[in-house]
Amino acid sequence: MKQMEKVILNNKLECPVIGIGTFMLSPAEAENSVREALKMGYSLIDTANAYVNERACGRGMQGSGIRREEIFLSTKIWPSEYENENAVDETLKRLGVDYVDLLYIHQPAGNWLAGYRQLEKAYREGKAKSIGISNFEGRYIEELQTKWEVAPQFIQVEAHPYFTQQELRETLDRYGIRLMSWYPLGHGDKSLLEEPVFAELGKKYGKTPVQIILRWHTQMGFVVIPGSKNISHIKDNLDILDFRLTEGEMSEIAKLDKGERYYHRTDEQLAGFAAWRPEFEKE
């Protein structure tokens, strides 16, 4: 296997360019996917309070035999936890770790500034090696810029060749904030995967359209975290580090950008996020 590529964050921490996501995975699936992914060479794991599988991810890490310091562990605090002063410690306890490598606030809902202050405190105390914001676009990141004491290292947002977050990236570049992609393959929309350019490039490099798209993400400077419970898919997703798309090929893919997202969030949904409480796994 090719050596893992990494990006350098604005606080000099290094993060792998590809990891395993655990959104929509049951605890049993998350434990299995995390354990097997780590064994095959992944080192970035992404979870969240809201996925209700943090304990399972912790078990998967322990079962992998990989040392904690070799794993880049990312999780997210949910809005209903922003004002819980024990939220960070409770999250670490569920994961079975003393620190996380990346700690996000998950949505710009509820008292999100209180949530961000919790991240900054965790960062200063060494409980989070880096911090991030998830789904903070437009007016939310504009407001946060005026209030943060520690700039985030990461933002996690929807990104794919149909929606490259061009406008947001101008702000990110100003602060050296890295983008972590969700819906990296178009959220099950076959039209993205079936774009002729990906079939052509797949033929050239001996890769699938999925692998071409994941490689595009890493060459855009994004970190990508495709989730799967299928072990062969997890293995294939990692097999993208032995080739590079040319500048011309990246330019061809750039022509697909429609500036259109799949996920449209409403203010009503944000209010619902603030009210909903995850039912965490029992010990």
Simple Cβ-charge dipole of region 58-199, Lys/Arg +1 and Asp/Glu -1, about Cα centre, in debye nearest 20: 420
Carbon plus sulfur fraction of accessible area for the chain, probe 1.4 Å, in percent: 48
Intensity falloff of region 207-283 expressed as log10 I(q)/I(0), Debye formula with alpha-carbon point scatterers, at q = 0.20 Å⁻¹: -0.97
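Give the relative contact order (percent, whole number) for the chain; include only Cα pairs under 8 Å separated by 6+ residues. Let's see the in-between values first.
Details: 515 pairs, mean separation 59.6, N = 283.
Relative contact order, the chain: 21 percent.
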Accessible area per residue, Å², the chain with all protein chains present, probe 1.4 Å: 45
Out-of-range pairs (alpha-carbon distance over 30 Å; input 129/204; 76/204; 229/282): 129/204; 76/204
Beta bridges by DSSP in the chain, antiparallel share as percent, to the nearest 5: 15
Among 16-24, 192-200, the order from most to least packed when residues are scored by Cβ within 10 Å on average: 16-24, 192-200
Residue 90 versus residue 283: modelled label distance in nm, points set 7 Å from Cα along the beta carbon direction: 1.4
Distance from region 101-124 to region 208-223 (C-alpha centre basis), Å: 28
Cα centre as origin, Lys/Arg/Asp/Glu Cβ charges: the chain dipole, Debye: 600
Per-residue SASA entry for residue 88, accessible area with 1.4 Å probe, Å² rounded to 10: 10
Residue (of 58, 210, 160) at the positive-pole extreme of the chain, dipole from beta-carbon charges: 58
Those trypsin sites (Lys or Arg not before Pro) in region 186-252 that DSSP places in a loop and that have at most 16 other beta carbons within 10 Å: 229, 244
Those lysines that a straight Cα-Cα span of less than 18 Å connects to residue 258, excepting residues fewer than 8 apart in one chain: 190
The chain - mean residue ellipticity at 222 nm from DSSP helices (-39,500 (n - 2.57) per run, n ≥ 4, rounded to 500): -11500 deg cm²/dmol
Cβ-based net charge around residue 37, under 14 Å, with every Lys or Arg adding one and every Asp or Glu removing one: -2
Principal axis dimensions, region 1-141 - Cα atoms, whole angstrom, descending: 42, 31, 28
Relative contact order of region 1-108, defined on C-alpha pairs under 8 angstrom at six or more residues apart (%): 23
Convex hull projection area averaged over all views, the chain, Cα basis, nm²: 13.9
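The values are calculated or read from the model by the stated rules, or taken from the named source; none is laboratory data. Note that this is a predicted model, so its numbers are computed, not measured. Note that each Cβ is placed from the backbone with ideal geometry, even for glycine, and that neighbours are counted across all protein chains shown. Ligands, DNA and RNA are stripped out before the accessible areas are found, and what is left, the full protein with its side chains, is counted by its heavy atoms. Shrake-Rupley method; radii C 1.70, N 1.55, O 1.52, S 1.80 Å.
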